[in-house]
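Each value in this text was obtained by applying a stated rule to the coordinates, not by laboratory testing. Because the structure is predicted, anything quoted here is derived from the model rather than measured. Every residue, glycine among them, receives a Cβ derived from its backbone with ideal geometry; neighbour counts consider all protein chains shown.
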Amino acid sequence: MTPPVAELEREDLVLFINAASTCSGQSEFYGDAGSERVTLAFLHDYVFGNYRRLYALTLAAGINHYNQLMVIERLLAAGAPDDVTERREENRLITGALRELPPQRVYRLFASLRRARVNNRRTRGVVRAWLGRRDLAFDALKYRGSLRSVSRHTHQALPEEVHSFLVEGAQSRKVWSEPLLDTFRRARFDQRALYDLPFTVAEGLAAGQGIDRKQFLTRIAPKMTQGERARLARHIDQQGATTEAIDFSRMPLTKLATLVLSRPIAEREPLRAPLAGAAQKLARRGLPLPKRVCAVLDRSYSSRAGAQKRNRTLAVTLAISQLLAAAADDYHAFWTGARDHDHGKDELTLRPRGQTNLASPLLAALRLEPDLVVLVTDGFENDPPGAAGEVVRLFREHIDPATETPKTAFVHLSPTFDAESFMPRPLGAAVPTVGIRDASELALKLGFARFAAGHTELDELQSWLLTRADRWLRDAETPAAQGAST
């Protein structure tokens with residue numbers, strides 16, 4: 001039997017990983033950003049203070065970017081551990097996480113460390129290593145203030161031209177040997193040079209020079225990244241410019257689902273094939289599933305999420321359904337609010353609507369005798385409250401009572417954080433709840449569900465974290481991954 005102390009430690013870690021997978025410090029449909037941030041700060045302080053090594057290992061456990069930054073900030077502020085092995089392990093985890101994080105987030109982390117007056121030897125080494133992998137001429141243009149601030153705070157020596165550009169400005173020289181910096185200098189008086197700059201840099205110059213927005217977006221399209229093209233796709237359409245340059249086949253599944261839901265239903269059809277293709281591409285990576293899978297999917301009004309991440313909950317739910325359809329041999333989707341719980345409903349017509357009635361589609365799913373039931377919902381069940389958890393409990397007690405190898409397994413995936421529960425809001429004790437932020441993490445989260453179910457020991461969770469961290473670091477350190485992060 002698991003000792004009480006070890007059981008408490010396991011529960012603490014599961015609670016933290018679930019919270020750190022979903023909470024982003026932003027408002028939810030049923031919660032405000034302030035409550036989230038207070039709750040999350042407490043959880044970070046508690047886990048860091050009691051389980052420092054495991055706290056660092058959670059960087060590889062699928063937690064979101066917001067929480068990765070909080071973990072790194074606390075580790076750097078506290079200084080390096082005394083134990084050499086733990087110090088090296090932490091350094092690798094921090095370096096691996098920073099390598100995968102978007103640069104604007106990393107610069108915000110460095111700014112936070114500056115405000116907190118954290119400037120120990122370890123922090124300076126981490127900053128120096130990260131900047132050493134960057135194209136500093138590009139950063140001098142796109143993140144000028146951030147680069148100047150972090151270099152001053154940590155006393156980092158920059159290339160001579162980059163330093164001059166940051167301190168003296170673009171017009172301090174007639175010619176820059178660094179091509180990108182010279183292009184920026186010329187773009188201030190030559191519109192042709194403007195279209196050789198990165199989109200976010202050129203956008204500000206174009207606005208300042210009064211260039212027509214439609215003309216600018218059309219000509220700058222070849223310089224835009226796929227993410228920039230996707231974010232601006234709707235605006236480009238409205239202004240009459242072309243969107244043919246957008247390669248939807250390269251977009252991640254969840255981002256594609258978000259784009260689908262952002263458009264009027266009448267304009268979604270062109271995204272059907274790219275959405276299915278992204279799901280197939282992700283499914284080919286491997287997603288261990290039993291033969292028959294049913295999903296109970298929440299499209300109630302609360303799935304529109306908060307104002308800061310509109311439709312995010314529904315987008316993750318749609319992406320998960322598309323991925324399960326691509327990966328499972330026999331898959332059936334049951335959406336809330338669907339007439340007769342029609343699992344053949346066209347998912348491209350989805351929009352948030354109605355109450356959260358999970359029990360009815362769950363009963364419909366159980367009639368098919370599935371091997372796995374995946375419930376994707378924010379957990380705020382209100383039609384009637386608590387019914388889905390009771391259905392599962394009664395099903396376990398009277399129809400499928402096996403504890404070791406039940407015929408039907410259940411898992412609740414939630415993209416939403418509930419500050420009152422200190423984690424994603426659960427459906428009940430009979431259903432393990434796992435936080436998820438992106439459909440690409442589905443395999444990881446289904447594997448993590450056994451820890452949330454409470455059927456494992458602390459040692460097994462620790463072993464899983466170590467194995468996951470080792471694999472994650474190996475992947476991050478491959479040449480392909482390093483090239484993608486620059």
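Note on residue 5 and residue 116: the extension gain reaches 36.5 nm, defined as 0.36 nm multiplied by sequence separation minus the Cα-Cα distance. The relative contact order of the chain, computed from alpha carbon pairs under 8 Å that lie at least 6 residues apart in sequence, is 18 percent. Taking amide H as placed 1.01 Å from N in the peptide plane, the amide H of residue 423 sits under 5 Å from that of 418, each at least 5 places away or on another chain. Phi-derived couplings, Karplus 6.51 cos²θ - 1.76 cosθ + 1.60 at θ = phi - 60°, listed residue by residue for the range 384-390: x, x, x, 5, 4, x, 5 Hz, with x used for Gly and Pro. Database remark: amide H of residue 176 closer than 5 angstrom to the amide H of 182 (H placed geometrically; neighbours at sequence offset of 5 or more, or on other chains; Pro and chain starts carry no H). Residues whose amide H falls under 5 Å from that of residue 409, counting only those 5 or more places apart or on a different chain, are 372, 373, with hydrogens built in the peptide plane. Residues in the range 360-365 carry Karplus couplings, in order, of 5, x, 5, 4, 5, 5 Hz; the curve used is 6.51 cos²θ - 1.76 cosθ + 1.60 with θ = phi - 60°, and Gly or Pro positions show x. Within the range 134-198, the chymotrypsin sites (Phe, Trp or Tyr not before Pro) that combine a DSSP coil assignment with at most 15 other C-beta atoms in a 10 angstrom radius are 189.
A Förster distance of 25 Å, applied to the separation of the beta-carbon atoms of residue 168 and residue 200, puts the FRET efficiency at 0.65.
On a 0 to 90° scale, report how tilted helix 103-115 is relative to the longest principal axis of the chain, with both axes built from alpha carbons and the result rounded to the nearest 10. The answer is roughly 80 degrees.
Quick check on the chain: of the DSSP beta bridges with both residues there, what percent are antiparallel, nearest 5%? Counting only bridges with both partners in the chain, antiparallel ones make up about 5 percent. Anything over 22 Å Cα to Cα? Flag those among 309/345; 142/223; 223/309; 345/445; 291/407, in the order listed. Over 22 Å Cα-Cα: 309/345; 223/309; 345/445. The angle separating the long axis of helix 84-100 from the principal Cα axis of greatest extent in the chain is about 80 degrees.
Roughly how tilted is helix 33-50, in degrees to the nearest 10 and between 0 and 90, from the longest Cα axis of the chain? Compared with the principal axis, the helix lies near 80 degrees.
Under the combined filter of DSSP loop state and at most 15 neighbouring Cβ atoms within 10 Å, the range 257-316 retains these trypsin sites (Lys or Arg not before Pro): 284, 285, 291, 310.
In sequence order, the range 286-302 has phi-based couplings of x, 9, x, 9, x, 5, 10, 10, 10, 10, 9, 10, 8, 10, 5, 4, 5 Hz under the Karplus curve 6.51 cos²θ - 1.76 cosθ + 1.60, θ = phi - 60°, and Gly or Pro positions carry x. Taking GluC sites (Glu not before Pro) as exposed when their DSSP state is a loop state and no more than 15 other Cβ atoms lie within 10 Å, the longest site-free interval of the chain runs over 1-243. If you take the square roots of the eigenvalues of the alpha-carbon gyration tensor of the chain and sort them as a ≥ b ≥ c, do you get rounded (a/c under 1.5), prolate (a/b over b/c) or oblate? Here the chain falls in the oblate category.
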